[in-house]
Amino acid sequence: MAKSDFRSLPSVDKLISDERIKELESSYSRTLVVEVARQVLEESRESISRGESAPSSDNLVKSVADRVRTLAEPTLRPVINATGVIIHTNLGRAPLSRETIAAMDAASRGYSNLEFDLDTGVRGHRDVHITSLLCRLTGAEDAMVVNNNASAVLLALTALCKKKEVIVSRGQAVEIGGGFRIPDVMRQSGAKLLEVGTTNCTYIADYEQAITPRTAALLRVHTSNFRVVGFTEQVAIADLVRLGEQYTLPVFDDLGSGCLLDTARFGLSLEPTVQDSVSAGAALAMFSGDKLLGGPQAGIIVGRKHLVERLRKYPLARALRIDKTRLAGLAATLTHYLKGEAEQKVPVWQMISMPLAEIERRAQAWAECLGPLGAVTGGESVVGGGSLPGSTLPTWLVVVKGSPKAKGPSLARKLRASQTPVIARIEGNALLLDPRTVPPDEDQTVVEALQNAVGAFKP
Ligand SMILES: *Cc1c(COP(=O)(O)O)cnc(C)c1O
């Protein structure tokens with residue numbers, strides 16, 4: 001290292017007096033600019049002591065400007081989901097309807113009667129804004145909402161089963177993904193998990209033999225993200241309820257996705273509906289707001305009034321409560337179901353019910369823009385999000401043919417680096433895009449990103 005290298009570094013004052021950095025001060029705080037300038041100079045000193053040469057003053061200015069701008073840029077960005085996985089947990093699950101977004105916007109702009117009774121002028125409860133909607137839609141006596149379904153299950157088990165036993169089929173003591181494991185949630189709640197039956201088969205007698213005076217509830221968990229095929233046996237919720245009645249034990253149903261519509265109508269395998277669970281007699285049914293319901297993140301609990309009341313009053317409920325914005329959004333999404341317009345208005349259902357001919361037409365339009373590098377092939381979309389395991393929808397996929405130097409993974413990287421990142425599916429060396437999960441008004445953005453990606457690799 002040469003002393004002259006250190007000496008060639010400007011002072012902080014000198015560095016920030018550069019016009020290009022001064023300009024930053026109109027959009028960013030001076031404190032931030034000075035701090036970043038110090039940091040960049042300090043790092044340069046360190047790299048010089050490691051034997052590297054001093055950066056030019058031009059490079060120093062650029063480093064400071066880039067870093068200040070990057071710091072102020074959001075890291076959470078909109079992306080285009082061309083994977084064909086409709087409820088993609090890593091990509092934020094359900095996109096929201098226009099009316100839902102408007103309701104969330106309205107609730108966040110100013111004050112609201114969130115917990116305020118406009119008739120009496122006294123304190124109210126936030127649940128009132130969704131209780132009657134949920135009761136009407138599901139047939140339940142009462143309903144409440146918390147942060148997410150993991151919270152819902154945790155709250156129910158903690159408030160109602162702490163220090164007691166809860167019986168679950170071994171085939172349902174599952175991991176949903178993202179660290180939600182039924183045995184772990186159970187431990188967290190202070191309830192003791194009693195697994196009965198075997199991985200593939202559990203019979204009503206298995207539950208009955210495990211019932212003791214310490215039993216607090218029977219729990220059914222919808223095995224959302226996998227399917228056991230072949231020789232299997234699980235007990236129907238109605239049978240579980242009948243057993244529960246014999247021993248005065250409540251049955252809790254963790255439905256996962258919580259569907260309100262008949263999925264068979266859409267050519268999908270049957271997803272248990274919340275209405276079925278309630279009418280079968282489940283004391284509590286719990287499900288997510290942002291899976292097949294197609295709303296904002298939420299955990300919904302519906303069921304018997306005396307139990308929901310106990311959950312509402314339990315101190316943990318306060319820690320798991322939902323905020324006003326999502327509550328407003330959830331009410332708006334539920335209203336689509338009340339009006340019978342979910343299929344037309346809720347994006348998740350629009351995607352599920354998108355006509356195959358329309359998908360084919362869009363896939364062909366995308367492929368055409370790629371010339372000889374694009375083709376269309378039949379394939380499958382996935383509902384995802386732990387809904388309808390093993391159930392898929394026929395679709396049309398755009399296949400992007402790479403060159404030997406530009407295989408699927410490198411094209412996918414290019415697409416992710418687009419101004420609006422496009423997330424595609426990679427199968428082996430092929431890159432596949434499914435128009436089903438892309439809103440039609442984004443077609444042009446996808447085409448441009450594709451052209452850029454393959455253009456950059458054209459031989
Ligand atoms: C998805 C899921 C959960 C977790 O729901 P979140 O809303 O993500 O907290 C719990 N149980 C089941 C069966 C699920 O499918």
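The values are calculated or read from the model by the stated rules, or taken from the named source; none is laboratory data. It should be emphasised that the depicted structure is a prediction, and the values quoted were computed from it without experimental measurement. Cβ coordinates were reconstructed from backbone atoms using ideal geometry, including for glycine residues, and neighbour counts include every protein chain displayed. Keep in mind that these areas ignore ligands, DNA and RNA; they rest on the heavy atoms of the full protein, side chains included. Shrake-Rupley method; radii C 1.70, N 1.55, O 1.52, S 1.80 Å.
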Out of segment 122-147, which residues are surrounded by fewer than 21 Cβ atoms within 10 Å (Cβ to Cβ) and within 16 Å of the ligand (Cβ to nearest atom)?
-> N147
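Matching residues to (1) free of Cβ contacts under 8 Å to residues at least 12 places away in the same chain; (2) aromatic (F, W, Y); (3) open to solvent by 80 Å² or more (accessible area, probe 1.4 Å):
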{"residue": "R7", "(1), (2), (3)": "yes, no, yes"}
{"residue": "D13", "(1), (2), (3)": "yes, no, yes"}
{"residue": "E25", "(1), (2), (3)": "yes, no, no"}
{"residue": "V36", "(1), (2), (3)": "no, no, no"}
{"residue": "V61", "(1), (2), (3)": "no, no, no"}
{"residue": "L71", "(1), (2), (3)": "no, no, yes"}
What are the residues in segment 376-398 that are modelled with pLDDT under 95 and either under 25 Å from G455 (Cα atoms) or among the aliphatic types (A, V, I, L, M) (or both), if any?
-> V382, V383, L388, L393
Subset of segment 274-321 (residues that are within 15 Å of the ligand (Cβ to nearest atom), touching a residue at least 40 places away in the same chain (Cβ under 8 Å) and open to solvent by 60 Å² or more (accessible area, probe 1.4 Å)) | Q297, R321
Report whether or not A285 is in contact with an Asp or Glu (Cβ under 7 Å, 6 or more places away or on another chain) and not polar (S, T, N, Q).
-> yes
Would you pick out the residues in segment 425-444 that are within 13 Å of K401 (Cα to Cα) and open to solvent by less than 20 Å² (accessible area, probe 1.4 Å)?
-> L431, L432, L433
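Does L114 satisfy the condition of being open to solvent by less than 50 Å² (accessible area, probe 1.4 Å), part of a helix (DSSP H, G or I) and not assigned by TED's automatic domain parsing to the domain that holds G385?
Taking the combined requirement at face value, the residue does not satisfy it.
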Just checking, how many residues over segment 151-174 are open to solvent by 40 Å² or more (accessible area, probe 1.4 Å) and within 16 Å of the ligand (Cβ to nearest atom)?
-> 1
